[in-house]
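First up is the structure itself, then whatever we jot down about it.
The values are calculated or read from the model by the stated rules, or taken from the named source; none is laboratory data. Remember, predicted model here, so these are calculated numbers, not experimental data. Because the Cβ atoms are built from the backbone with ideal geometry, glycine has one as well, and the counts that use them run over all protein chains shown. Side chains are part of the model used for accessible areas, which takes the heavy atoms of the whole protein and leaves out ligands, DNA and RNA. Shrake-Rupley method; radii C 1.70, N 1.55, O 1.52, S 1.80 Å.
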Amino acid sequence: MHRGTQIKFTLINPTSPLWRIGVHQRPANSGVFRFSMLASLYVAASMPLYVETKIVDEDVEPVDFDDDADIIGISFMTYNAPRAYEIADRFRAKGKTVIFGGYHPTFMPDEAIQHADAVCIGEAESSVPRMMEDYMNGRLKPFYRSQLVDLAGLPVPDRNLLRQRAYITTNTLQATRGCFNRCGFCSVARFNHYRLRIRPVGEVVEELKGLGREVLFMDDNIALDKEYARELFKAMIPLKKQWHSQCGIGIAEDEELLRLAAQSGCRGLFIGFESLSRQSLENWKKFGNKRVDYLEAVKKLHGAGIGVFAGFIFGSDNDGPDVFADTLDFLLEANIEVLQATRLTPFPGTPLYEQLDREGRIFDRDWSHYDFFHVVHQPLNMSVRELHNGTVWVQQQFYRTDRIIRRVGRASGYLHPGTVVRALLPLNLGYRHKLAAYESLQKKLSVQPKAG
Ligand code: B12
């Protein structure tokens, strides 16, 4: 609810029809994929004091098109751009001012501005105060290009703006933003101008003190700056937190860092393995992974009591139909806890997008398909159907009931019981649910992969 303030701002997070809150008001998406909302919280925190922000997340509540807000903001990635445009068009038809921000409008500002009054290109922190000043003076401009903000002094997000019970956790924060690597498929590095920024350790520790025992760091690679990571982990030890984050595989090669991570309460890491093929890693410029022995690295992480959530991408130019069975063999041999298997997706703004676009290999520009569940480009060494079905096969094999049961039993030997019960099992069931929901939707709509 908005309370007596000068300006009312409603910030909407659109979602696809599949995950939109149902008629029975029950979220369709598995709870394990409902967390964070950090982007919206930081936008809210960037607003001047005379603005009262309300956050609406379509995963957990419907959009009220009779909303009395003065300004409607929409935060979106690529997969939800069509829905963002639909919502924006409806509000603009009623005379509302609409502003956009997030990954998709940042990389496709000329497309986005056709549905909005203003587009924030990049981070909210430096643009939003300027946008609001211009709005108040009746001079809102179409584009606001942000400088990268200094993370020192970043405000602490007000998590009370969320319906907290609808999320598995809102205990999320960032210690760093961005990454200086140049992996071809990644939009994060370019969004952050290929720079890694760090927050002062003291400020991270202060924010952590106000959060619960279990926290998620929404960093792109929490140990990219090893010296900083060492300092942060040391400072976290007395806080007795349990945390998960995202990290490069390199952490496994640094014994001291791994020990400090474990001592500071690290219980699981999402790691982009991406591919078993050295050639694919080379082509994508994911050089950090090339020299690492994946099996050894996973063993070391398990030895430290850290669960491994592996990201693999299928559909590189070197992948043939045998990639699926080979990858599954690795996943099972390495005892990976959680798998995120994705089809190579050329997100706007990435070097991959530019390459495939140049080569005329992007055959589907329906942005709602840019959700990792669709093939949108023509692979080189297999058909679109083989890539689609092969990815489904690996996911189904990995998340087979008997394998989940065995995984849970085995992991109980080297992971904390809390990690098994509150992370490994829910994530395994969550991914299985998501996969099944997609399969049934595809059957219902008889969506077949297009092109060869
Ligand atoms: C956490 C996360 C999730 C979480 C939670 C998201 C949430 N609701 O909070 C979950 C698991 C749900 C998720 C899901 C998906 N995600 Co995700 N996610 C992230 C991640 C790692 C962090 C997001 C975050 O909190 N960032 C921190 C905030 C502070 O930064 P920010 O988002 O950039 O926001 C700033 C600006 O963009 C701007 N801004 C943003 N919105 C607005 C709005 C206005 C009005 C203004 C003015 C400014 C503004 O200001 C913010 C503060 O500076 C990002 C990577 C990343 N580094 O951002 C990927 C990322 C956003 N996700 C991505 C994708 C592809 C997805 C999925 C489609 C696929 C998947 N990963 O399974 C799904 C789709 C959701 C669904 N329903 O299925 C891509 C998007 C790329 C693209 N162009 O579309 C990213 C970039 C990662 C990647 N692979 O490259 N995701």
**Request:** Quickly run through the range 346-377 and pick out the residues that are in contact (Cβ under 8 Å) with a residue 60 or more places away in the chain and over 25 Å from Leu18 (Cα atoms).
**Result:** Gly349, Thr350, Pro351, Leu352, Gln355
**Residue identified as open to solvent by 40 Å² or more (accessible area, probe 1.4 Å) and touching a residue at least 60 places away in the same chain (Cβ under 8 Å) among Arg195, Arg213, Arg190, Arg165** = Arg190
**Complete:** Taking the range 237-269 and keeping residues out of contact with any Ser or Thr (no Cβ under 7 Å at 6 or more places or on another chain), in a strand (DSSP E or B) and closer than 23 Å to Gly288 by Cα leaves His244, Ser245, Gln246, Cys247, Cys266
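This table checks each residue for (1) within 20 Å of the chain's Cα centre (by Cα); (2) loosely packed, with under 13 Cβ neighbours inside 10 Å; (3) of a type in the set (S, T, N, Q).
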site	(1), (2), (3)
Asn137	no, yes, yes
Arg182	yes, no, no
Phe185	yes, no, no
Pro200	no, no, no
Val205	no, no, no
**Request:** Filter the strands (runs of 3 or more DSSP E) completely within the range 161-222 down to those with at least 2 residues that are near the ligand (Cβ under 10 Å from one of its atoms) and closer than 20 Å to Gly122 by Cβ.
**Result:** 176-178
**Request:** Identify, from the list Arg291, Arg259, the residue that is more than 21 Å from Phe372 (Cβ to Cβ), free of Cβ contacts under 8 Å to residues at least 12 places away in the same chain and open to solvent by 10 Å² or more (accessible area, probe 1.4 Å).
**Result:** Arg291
**Prompt:** Any chance the range 134-148 includes a residue that's in contact with a Cys (Cβ under 6 Å, 6 or more places away or on another chain) and either away from the ligand (no atom under 12 Å from the Cβ) or farther than 23 Å from Thr170 by Cα (or both)?
**Reply:** yes
**Request:** Kindly indicate whether any position in the range 376-395 is hydroxyl-bearing (Ser, Thr, Tyr) and modelled with pLDDT of 95 or more.
**Result:** yes
**Message:** If I ask for residues that are surrounded by 20 or more Cβ atoms within 10 Å (Cβ to Cβ) and more than 12 Å from the ligand (Cβ to nearest atom), which ones from the range 340-355 would you list?
**Reply:** none
**Request:** Working only within the range 1-36, note down all residues that are open to solvent by 20 Å² or more (accessible area, probe 1.4 Å) and modelled with pLDDT of 90 or more.
**Result:** Lys8, Asn13
**Asked** Among (1) open to solvent by 10 Å² or more (accessible area, probe 1.4 Å); (2) away from the ligand (no atom under 15 Å from the Cβ); (3) under 20 Å from the mean Cα position of the chain (by Cα), which single condition is Trp367 missing?
**Response** (2)
